[in-house]
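Here is the structure we will look at.
We did not get these values from a lab; they are worked out from the coordinates using the rules stated. All values reported here derive from a predicted model rather than from experimental measurement. When we count neighbours, we look across all protein chains shown, and the Cβ atoms used for this are built from the backbone with ideal geometry, even at glycine.
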Amino acid sequence: MKFSYFQAMFPQLSHWPLDSDGRFFLCTRPLRLWDGETDKTVKFKSMREAWGFAFDGRKTVEAALSGIEAFALPALSGRKGGSSEMKDFKFGHAPHGGGADDSRKHLNAEANTHIKIKTEADAIKYFSDLYTKADHEYGMAIDNQGYVHNYMEGGSTSVPILGGKGHLIVHNHPISGKSDASAFSDSDLIHVARTRESGIVAISSKGDWYFRKSGGHFKAAQFERAVKRAKLRGSDYDDAVKRWLTANQKQYGYRFQFVPRKKS
């Protein structure tokens with residue numbers, strides 16, 4: 001089952017993590033093994049050659065299929081908790097309380113028939129009007145002309161959704177309980193880094209978070225490694241995420257923007 005999942009998913013992704021520590025990655029274009037610790041790369045001519053390659057005391061095929069962290073694509077998740085008094089943070093994530101068992105696929109036509117002006121901006125506005133104040137998560141994959149290609153409803157903390165090449169993922173971050181955090185989670189950023197999607201947007205009652213890859217300049221595996229190891233600092237979680245994403249745009253090849261929501 002794991003091998004079948006790998007065969008189906010790998011061609012759609014930019015890279016595949018080979019350990020939970022964020023050191024080794026099998027990258028797709030070109031096919032290569034990247035060591036984040038040493039920055040060394042081994043290129044392969046075929047998957048057969050890649051499978052048989054031994055590193056760190058094991059073969060690539062063993063590493064690719066071992067452990068849930070090695071092959072699972074994260075669902076998008078809102079970040080829960082966090083104290084405003086804390087000054088040091090790591091990228092947070094929510095438990096998958098709203099996982100696959102609670103998810104439901106909507107017909108793309110439900111959205112496409114209501115988005116009268118087919119632009120990316122209008123599709124995002126349509127989603128925002130519907131789900132900014134929702135009590136659980138929704139997600140859409142839209143193209144640059146504003147057409148919806150995947151429309152999912154998730155649970156209270158996550159939504160499983162995958163877009164195609166060049167699609168923008170839009171999802172909401174519900175505010176619940178004592179949490180006032182609205183920023184990206186590690187799951188959000190790792191998800192978009194691994195896929196061929198163009199970026200991700202998180203809609204919240206406090207404002208909208210935009211993360212877009214800069215064409216062929218985005219360093220996908222390096223970015224995932226950085227997210228897993230990042231040490232954030234700010235007045236609260238949202239502020240810390242803003243500072244880190246702003247500071248690292250040029251290094252990893254992406255564009256970040258936070259748009260505060262206007263008070264009505």
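Side notes on the structure shown:
- Here is how the number arises for the chain: DSSP H runs of 4 or more residues each give -39500 (n - 2.57), the sum is divided by the residue count, and the result at 222 nm is -7500 deg cm²/dmol.
- Burial ranking of peptide ranges 26-38, 48-60 (average Cβ count within 10 Å, highest at the top): 26-38, 48-60
- Close amide H contacts of Arg261 (hydrogens built in the peptide plane, cut-off under 5 Å, sequence separation of 5 or more or a different chain): Gly207, Asp208.
- Sequence ranges 252-261, 107-116, 185-194, 165-174, ranked by mean other-Cβ count within 10 angstrom, highest first: 185-194, 165-174, 252-261, 107-116
- Separation of the alpha carbons by more than 30 angstrom is noted, of Lys40/Lys105; Lys105/Lys206; Lys59/Lys228, for Lys40/Lys105.
- Put a dot 7 Å past the Cα of Gln7, heading toward its Cβ, do the same for Ala134, and the two dots end up 3.4 nm apart.
- The chain - share of DSSP beta bridges that are antiparallel (%, nearest 5): 90
- Given +1 at the Cβ of Lys and Arg, -1 at the Cβ of Asp and Glu and no other charges, the dipole of the chain around its Cα centre is 800 debye to the nearest 20.
- Equivalent-ellipsoid semi-axes for segment 2-71 (Cα gyration tensor, √(5λ), whole Å, largest first): 16, 14, 12.
- Length-normalised contact order for segment 2-71 - Cα pairs under 8 Å, 6+ apart - percent: 29
- Ordering Thr28, Ser46, Phe3 by Cα displacement along the dipole of segment 2-71 toward the positive end leaves Ser46 in first place; charges were set at the Cβ atoms of Lys, Arg (+1) and Asp, Glu (-1).
- Value in Å of the Kirkwood radius, where segment 93-243 supplies the Cα pairs that are averaged: 15.8
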